[in-house]
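The values are calculated or read from the model by the stated rules, or taken from the named source; none is laboratory data. Just so it is clear, the model here is predicted, and its values are computed rather than measured. All Cβ positions, even for glycine, are placed from backbone atoms using ideal geometry, and neighbour counts span all protein chains on display.
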Amino acid sequence: MKNALIFFAFLLFSGCKSIDKLTPNQTETFLKFYSETDQMNAKDLLVLDDGYLVLGTDTDNSSILLKTDLSGNKIWAISLTDFQGKSLTLVEDGYIIIGDGIYDTNLTLMQLIKTDISGTITNSTALGQDTTFIGHGYYHGTALTYTSANEVIALGYVDNPISNAYVLLMGFNLDLSNKWFLPRSFKVTGEDKIPYPSIYESNNGDLTWLNFTESAPNNKLDFATTPPDTDIPNANRILFSTLSLVNTPGDFVKTSVGYVATQTIRSGTQNTIGITSFNQNILSENTLSFEEGNYQAVSVTNTPNGLLLAALTTTTARTDSDLMLLEVGYDLKVKTDGININYGGLGNEIPVRIRNAKDGGYAILGTLINTKGAQQLFLLKTNKKGALD
């Protein structure tokens, strides 16, 4: 496995702006850091025509929305107080963020915040204030999609202290007014359902998402799809019923051959990466094998001939965690001639999102934790080969 060693900690403390010489045409690669506070956590990334939109959170229950140019240079940043953002979507007149509105220690609501393209907040709404239709609990926002019918679909879940967690789906107009009269709830007695951080509109208009279902002794994934105009899903297929998963699932992406999900699988005393492609039924699945160490699937995106995984890896040779980029084919096997690179340095480099850049390269958002415990965001832009020029 090739290793590209980047001295994250040196860049952090030396005041260097970047490791590269940048030009504004987005054919170059770069590494940028963003430190609005010293306890930042990366959450989501949008690739825009004129730059990147970065979402991060802080430990004081606030979020940061940050816009950059094509070279990763910060243009503006806004703070969202009492809000833990989870996911972003682009709409025709700005951006919408979903996450948890923090109202007090005993109440969180699924909250949506809309801004214009300059970052000015224009609307906000919270789901869960009216408990008559669902009941009390902690409401969490997970993912968004903007459909071809100009509808904003919000995906989240309720963590009820009395009953099990269940999925919520709600449709909004572009101004965040309710398009659906009530949210739809998807419950299974005796199981906690927590959705992956993505939801997609299929070619026929159905809404598709993936649930991580905690059902001891074997956790599993549920593939769910529902027409936008009915309360009853027309399919709810269990994809995994025997694999033992750790507490954090990976990512869920739509491809040209169906959908792909990643998950972290416990293998003895080690963690490794599982990956499955499906479209109502399982098409193929594979458990990736590596040298001894721990590997956690985080995010996945499409390549011209397969998929590129962004993973967190800790090997026996290193005590800190690094970012690994690994390309697999549609057969879910590692491509022998594909991208296979580790990025690391002093501290932990934790990838959160990988996205396709406009020039054919890749953009990876993550959290850097240095040796003193300070946390900041990093944005790594690679070329088509997943490397730095």
Q. For segment 343-356, does any single residue satisfy the condition of being under 19 Å from the mean Cα position of the chain (by Cα) and of a type in the set (Lys, Arg)?
A. yes
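Go through segment 18-135 and tell me which strands (runs of 3 or more DSSP E), entirely inside it, have 1 or more residues that are at pLDDT 95 or above, over 21 Å from the mean Cα position of the chain (by Cα) and of a type in the set (S, T, N, Q).
Here the list reads 121-127.
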**Q.** Leading residue by the ranking (modelled with the highest pLDDT) among those in segment 1-17 that are over 19 Å from Ile341 (Cβ atoms) and of a type in the set (A, V, I, L, M)
**A.** Ala9
